[in-house]
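Peer 1: This structure is in structure tokens; I'll ask about it shortly.
The values are calculated or read from the model by the stated rules, or taken from the named source; none is laboratory data. Only a predicted model underlies this, so the values are computations on that prediction, with no experimental measurement involved. All Cβ positions, even for glycine, are placed from backbone atoms using ideal geometry, and neighbour counts span all protein chains on display. What goes into the accessible areas is simple: the full protein's heavy atoms, side chains included, and nothing from ligands, DNA or RNA. Shrake-Rupley method; radii C 1.70, N 1.55, O 1.52, S 1.80 Å.
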Amino acid sequence: VAKLCVCDLLVAQCDVNCCCDPDCTADDFSLFTTCSVPIVTGDSRLCSQKAAVYSLDVEANPPERIFKLIDQTNPSLFCIHATNYEEALSFRSPEMPTSENFDRLLKEFGGPAFSAEPDNWNTNLDAENPSDANETYGYEYGVPIQTVDAFLRLPSPVVSSWCSDANPAAFLVNQATKCTRSVRVEKCDNIRALSMLFYTNCSILAVPRSSQVVNISIQSITVQSLNGTRTLLNGSNVLRLPMLLDELCINVVLGVSYHVTHTDAGEIIEAAAAFVLGAIKKEALSIQQSFEISFTQVNTEPVPLSGNPGYVVGLPVRAGFRPQGYPLPVDIDTSGIIQNTNKHSQFTILQSTASQDCLAAQGARTPILFGYNMISGCKLRIPAAMKCQPLTQTLLDLLKGQSFPEYVASFGNSQSQDVLDWVPITHLHISEQRVSLLFQSSCQIPVSLELEVKWTKYGSLVNPQARIVNVTATLTSTAWKRVSSGRERMIPVMSSVVFTDVSAPAEPGYKAWPTINIKLPHDFFFPFV
Amino acid sequence: SSCQLSSVPLQILLCAHGIYYAFYFAATLAIIVYKSQAFSYPDGFLVADVVLLLLMAALEVLRLQLGSRGNLTEEEAPLGLSLAATAGSGALSVYFLGWQTYVLRADVILNALLLVAYGLESVLKVMAIAALV
């Protein structure tokens, strides 16, 4: 205990205010004001332990450090008097390999991955039952998709880029992986991982631990030629197995894309796989395969979500329009929100370019990602005799883009048919007036667009979800003096987006007090009543 | 009172010991449960400690019955068996005092008192057997 010093961070130098630092001399101690580490003890649950106490005696001149080694006793009745178990209060040191235990250690820890229970996930499906007993209805997010014998495999690279077939596909987790598989052309029809059968012959359980199975159907087959061109086969989707043809091995699986359709209760109702088959040369020693899986809820369009339900930081903010002609609140149920199918183009701001020239960028815009404050700008070169109205229009197009949305989704998963889930964008207009130009008929040109997105934390204390409550677009205009001749001028144009957290402080909610319902039977007071 | 060979102090001590042992058993079991929650207590060690505690309880019941019967009926055989059982219980108590997985201060106090009681009882039993023989 006397040798332990937590504040001794600098090697061979004295740390400031660290009374236990062995590199400090008495002169250094006299300059300290306090001791940052006043006491160093062992585990405080022991009945008696040694403690090193460091303190500064400020009355002495110069101040000096006092070091005492005392025995601290724990007055509690439940202090540990003795232990007969070596790893009781500290971590176990790992085994040192010797010639006797080397083989065993190599077998246990030598692979690319090891866990505390090595064969757990393959054979102990029953062992997980007690905890999931109330979740037999439907898959949940992240749960591996079960098949009749094991799990639906999505081969992916583990540690190195070689394919590992032990990666299960998780429900509702859209994944895309690329990995390398080693092949030898002489046996190419024997390698299971290169044939379509390997990826379609497993039957997925519709609901975990049930007997209802869903077969994987072949959605489409695309054939890739040796130089890379791909053609979609229009014929019937039959199984094409790899076979040797001259010096090539054809019908080799180069990519699989699974599409799983599920209900909102977590039950899988359909699974389809789209294949990319190719041909490999005899000399090929390895091929690269790519795998993908995506999930769609039945009867919905696969609109990419930006969070479920709250927005996830880094995903684009979803926004859209109300179709024209439905301005009255009476029609609020019948219309929906129209969004751009490209999730990165729904709500965008001006993108700064290296040349800083507004018009050279040709309308390059960057999506607004939730939680990321952005500022961008450019310089607009205005020719001498530019009229006010076209200039204003150009600037408005630059700042707002071609399709500035009217509504922003309040949750990451707001559906387009729930119009009340969408927040309208409030527009503000600020014009900078300068007194000296008042006598001129001022042309106001917009120079800056500031978007302020106010969001709040919604839901439970433990797992708050981000919800957008207000979006304000402030357009700042400045006066523009038009001159009929002269050289061209440059004005800076700026746009920014700021995310402000306006969460109210959290109020914990408690369950209602249990009420005691006591009712006497109606003949309780028999025979008096 | 020379006709009465039963030892009154032994009987009082046996009775009091019975009550103390009930308290000891409940307390030790509760402390083991507390230890299993507060510290890292592997299953093997936990099972061993609980089994030994139950064994001690069984032995204790047997010992008190035999000792009481032997004392009241003035027979040496049950008293002798009870003395042997005391040795066994004493050994188990020493285990709980020093060789348990975790020995807390409360364990030390409880077992020390138990050992003192065993010591006294053994002395009184030896004296009672000597009086009977």
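Peer 1: Please go through region B:1-31 and pick out each residue that is within 14 Å of chain A (Cβ to nearest Cβ) and out of contact with any strand residue (DSSP E or B) (no Cβ under 9 Å at 6 or more places or on another chain).
Peer 2: B:A27, B:T28, B:A30
Peer 1: While we're here: Suppose we filter region A:84-113 for residues that are within 14 Å of chain B (Cβ to nearest Cβ) and surrounded by fewer than 11 Cβ atoms within 10 Å (Cβ to Cβ); how many remain?
Peer 2: 4
Peer 1: Working carefully through the options B:A84, B:A91, find the one that is away from every other protein chain (no Cβ under 14 Å), open to solvent by 50 Å² or more (accessible area, probe 1.4 Å), under 17 Å from B:A48 (Cβ atoms) and among the small types (G, A, S).
Peer 2: Among B:A84, B:A91, only B:A91 is away from every other protein chain (no Cβ under 14 Å), open to solvent by 50 Å² or more (accessible area, probe 1.4 Å), under 17 Å from B:A48 (Cβ atoms) and among the small types (G, A, S).
Peer 1: What number of residues within region A:122-148 are modelled with pLDDT under 70 and open to solvent by 100 Å² or more (accessible area, probe 1.4 Å)?
Peer 2: Residues flagged as modelled with pLDDT under 70 and open to solvent by 100 Å² or more (accessible area, probe 1.4 Å) within region A:122-148 amount to 3.
Peer 1: Would you check which residues across region B:94-105 are open to solvent by 20 Å² or more (accessible area, probe 1.4 Å) and within 11 Å of chain A (Cβ to nearest Cβ) and list them?
Peer 2: B:Y95, B:L97, B:G98, B:W99, B:R105
Peer 1: Would you say B:V126 is in a helix (DSSP H, G or I) and farther than 29 Å from A:T83 by Cα?
Peer 2: So B:V126 fits the description; yes.
Peer 1: Further, regarding this structure: If I ask for residues that are open to solvent by less than 40 Å² (accessible area, probe 1.4 Å), touching a helix residue (DSSP H, G or I) at 6+ places or on another chain (Cβ under 8 Å), within 21 Å of A:E247 (Cα to Cα) and outside any loop (DSSP other than H, G, I, E, B), which ones from region A:152-205 would you list?
Peer 2: Once the filter is applied, which keeps residues that are open to solvent by less than 40 Å² (accessible area, probe 1.4 Å), touching a helix residue (DSSP H, G or I) at 6+ places or on another chain (Cβ under 8 Å), within 21 Å of A:E247 (Cα to Cα) and outside any loop (DSSP other than H, G, I, E, B), region A:152-205 yields only A:R181.
Peer 1: Sticking with this one: Failed condition for B:P42, given (1) touching a helix residue (DSSP H, G or I) at 6+ places or on another chain (Cβ under 9 Å); (2) within 14 Å of chain A (Cβ to nearest Cβ), with all others met?
Peer 2: B:P42 satisfies every listed condition except (1).
Peer 1: A further question follows. Write out, first by first residue and then by second, each pair whose Cβ atoms fall under 7 Å of each other, whose residues are 6+ apart or on separate chains, and whose first residue, in region A:95-112, is within 23 Å of A:V159 (Cα to Cα) while the second is modelled with pLDDT of 85 or more and surrounded by 11 or more Cβ atoms within 10 Å (Cβ to Cβ).
Peer 2: A:L105/A:P97
Peer 1: While we're here: So B:M56 clears everything in (1) open to solvent by 30 Å² or more (accessible area, probe 1.4 Å); (2) within 12 Å of the chain's Cα centre (by Cα) except one condition, right? Which one?
Peer 2: (1)
Peer 1: A follow-up question, please. Suppose we keep only residues that are within 14 Å of chain B (Cβ to nearest Cβ) and among the hydroxyl-bearing types (S, T, Y) within region A:51-83. Which one would you say is farthest from the chain's Cα centre (by Cα)?
Peer 2: Per the stated criteria, the residue is A:T73.
Peer 1: For region A:10-58, which residues satisfy the criterion of being open to solvent by less than 20 Å² (accessible area, probe 1.4 Å) and of a type outside the set (F, W, Y)?
Peer 2: A:D15, A:C18, A:C19, A:C20, A:D21, A:C24, A:V40, A:C47, A:Q49, A:A51, A:A52
Peer 1: Tally up the residues in region A:227-254 that are crowded, with 19+ Cβ neighbours inside 10 Å and not hydrophobic (A, V, I, L, M, F, W, C), please.
Peer 2: 3
Peer 1: Considering only residues that are assigned to a helix (DSSP H, G or I) and loosely packed, with under 15 Cβ neighbours inside 10 Å, which ones fall in region B:35-53?
Peer 2: Matches in region B:35-53: B:Q37, B:A38, B:D43, B:G44, B:V47, B:A48, B:V51.
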